[in-house]
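Data first, discussion second: the structure below is written as structure tokens.
Here, each number is a calculation from the coordinates, and none is a lab measurement. Given the structure is predicted, the values throughout are model-derived calculations rather than measurements. No Cβ is skipped: glycine too gets one built from the backbone with ideal geometry, and neighbour counts run over all protein chains shown.
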Amino acid sequence: MYSLVRKTLLAAVAWVLSSCATQVYLSKWEPSQVDLPRGTVLHVDVEARGPLRHELQRAFAQQIAADGYYSLHGNGPCTHLRLHHVHVNMVEPARDDKHRRRAYPNRVELRADVISNYQRIYRREVSEYVSCDYEYRPDWEEVAEDIAAEVMSELTPHLRRYSLGVDAVEGNPAVEQAALACAAGNWEQGRALAQAALQQNPAEAEACYVLGIIERNARNYSASDSWFRKAHSLKPDSKYASALRGNAQLQQDERRAHAQLNGNAG
């Protein structure tokens, strides 16, 4: 029993320490989840009633026009984006509510399907909460825009931000300083600090990890691979192995996204 409690406490401490890591933000290309050629006419079919129908149509048309990847009008074959199985879940107000005779919306749920050549090639379940004003009037515009942005982000190649955590190293503060510089966008300063951390301790795996992140940000994947491999050789850690595998996936996604953006997707 004591051993189990000790292991649980150690796991909790490790989680707390990892959650305190400095987060370094990078961007990566996300390809479209469907290989519809750029410029495809996308017809939005909304199976809903009332103001929600109008707002969904408006929000998707606005998002498609802003992305500029698909088209809203044209003479070619039309691919359908079908928004159906629409449900507006209602919540009963509290007993002391002055408007207690009427319920108000809580969230909207729907299914989005892309249908090309009579075949479904994409499905997404979407759920968004609805905000209301003091008169319990639902903000259909906001929820429709959230749904449109969420669905179209998967249907359009785009850059996405993500983060990698760098752990502080006791006795070698330059590692954390390097991570903080990178997080602030000062990549060359971060490089100099990470190299200084390695000069202090040539076997510092986390400093190698920082240098791998810096090279990844610059899209120098070969150099990034070398630093991640060195970090893993110094300290076999799943974080470093995962970063190395991530480089391969990033390059694959980047090639596919660029091919889609240039109209070469198959």
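Our summary gives the chain a relative contact order of 22 percent, counting only alpha carbon pairs under 8 angstrom and 6 or more residues apart. Per-residue packing, averaged as other Cβ atoms within 10 Å, sorts the ranges 22-33, 131-142 into the order 22-33, 131-142, beginning with the highest. Starting from the Cα gyration tensor of region 75-212, take the square roots of the eigenvalues, sort them a ≥ b ≥ c, and report rounded, prolate or oblate (rounded when a/c is under 1.5, otherwise prolate if a/b is larger than b/c, else oblate). Here region 75-212 falls in the oblate category. Considering only the other residues whose Cβ falls under 9 Å of the Cβ of Glu109, what net charge follows from Lys and Arg at +1 and Asp and Glu at -1? Every neighbour counted, the sum reads 0.
A Förster distance of 22 Å, applied to the separation of the beta-carbon atoms of Ala183 and Ala149, puts the FRET efficiency at 0.30.
Each label was represented as a point 7 Å from its Cα along the Cα-to-Cβ direction; for Ala192 and Ser242 these points are 3.2 nm apart.
Note on Gln33 and Arg229: with the Förster distance fixed at 30 Å, the Cβ-Cβ geometry gives a FRET efficiency of about 0.45.
Among the lysines of the chain, pairs that are 8 or more positions apart or on different chains and have alpha carbons within less than 23 Å of each other number 4.
Checking the a/c ratio against 1.5 first, then a/b against b/c, what shape does the Cα gyration tensor give for the chain? Note, shape of the chain comes out oblate. A crude spin-label estimate for the pair Asn75 and Glu170, with each label 7 Å from Cα along the Cβ direction, gives 7.4 nm. A full extension of the chain between Asn106 and Glu142 corresponds to an added length of 11.6 nm, given 0.36 nm per residue minus the alpha carbon distance. Ellipticity at 222 nm from helices only: DSSP H runs of n ≥ 4 in the chain, each -39500 (n - 2.57), divided by the residue count, give -16000 deg cm²/dmol.
Could you please report the charge total around Ala248, scoring K, R as +1 and D, E as -1 over all other residues with beta-carbon less than 14 angstrom from its beta-carbon? Here the count lands on +4.
Which of the helices in the chain, when you take each full DSSP H run, stretch at least 24 Å along the axis at their Cα atoms and have an average Kyte-Doolittle score of -1.0 or higher? Helices meeting the criterion: 2-19, 50-67. Between the listed residues Pro93, Ser233, Leu250, the Cα displaced farthest toward the positive end of the dipole of the chain, a dipole computed from Cβ unit charges relative to the Cα centre, is found at Ser233. Placing pseudo-labels 7 Å out from each Cα toward the beta carbon at Asn201 and Ile121 gives an inter-label distance of 5.2 nm. Beta-bridge orientation, region 41-156: approximately 75 percent antiparallel, per DSSP, counting only bridges with both partners inside.
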